[in-house]
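The structure appears below as structure tokens.
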């Protein structure tokens with residue numbers, strides 16, 4: 001008669017191997033999806049690129065406005081720029097010019 005076989009008892013080596021496997025899985029998930037993981041890094045890199053693009057746009061706009069301000073100073077007043085702004089803002093025209101007023105919405109097919 002044969003003796004019944006028993007399931008092998010959980011050994012210390014098996015327990016250590018299981019814990020190491022669980023730690024590896026946890027570490028891998030943490031590296032990929034954690035607060036400082038790869039997914040978060042990619043999202044932050046995309047946000048940083050968008051903010052950098054906005055910054056570059058704003059810096060270019062600021063430089064353009066500073067050039068216009070410089071042209072409006074009394075020492076460097078550009079008469080053409082002054083005339084352009086006066087015509088635009090105040091509706092000025094020279095006596096020998098013909099002015100045609102186009103209301104918004106009219107002639108939309110030509111735009």
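What the Cα convex hull of the chain gives, in volume per residue, is 245 Å³. Helical runs (DSSP H, four residues minimum) scored at -39500 (n - 2.57) apiece and divided by the length of the chain put the mean residue ellipticity at 222 nm at -22000 deg cm²/dmol. A Förster distance of 35 Å, applied to the separation of the beta-carbon atoms of residue 31 and residue 61, puts the FRET efficiency at 0.30. Label positions at residue 92 and residue 40, each projected 7 Å from the Cα along the C-beta direction, are separated by 6.0 nm.
Values quoted throughout were computed directly from the atomic coordinates according to the rules given, and no laboratory measurement underlies them. Computed from a prediction, not measured in an experiment: that's the story for all the values here. Ideal geometry is used to build each Cβ from the backbone, glycine not excepted, and the neighbour counts take in all protein chains shown.
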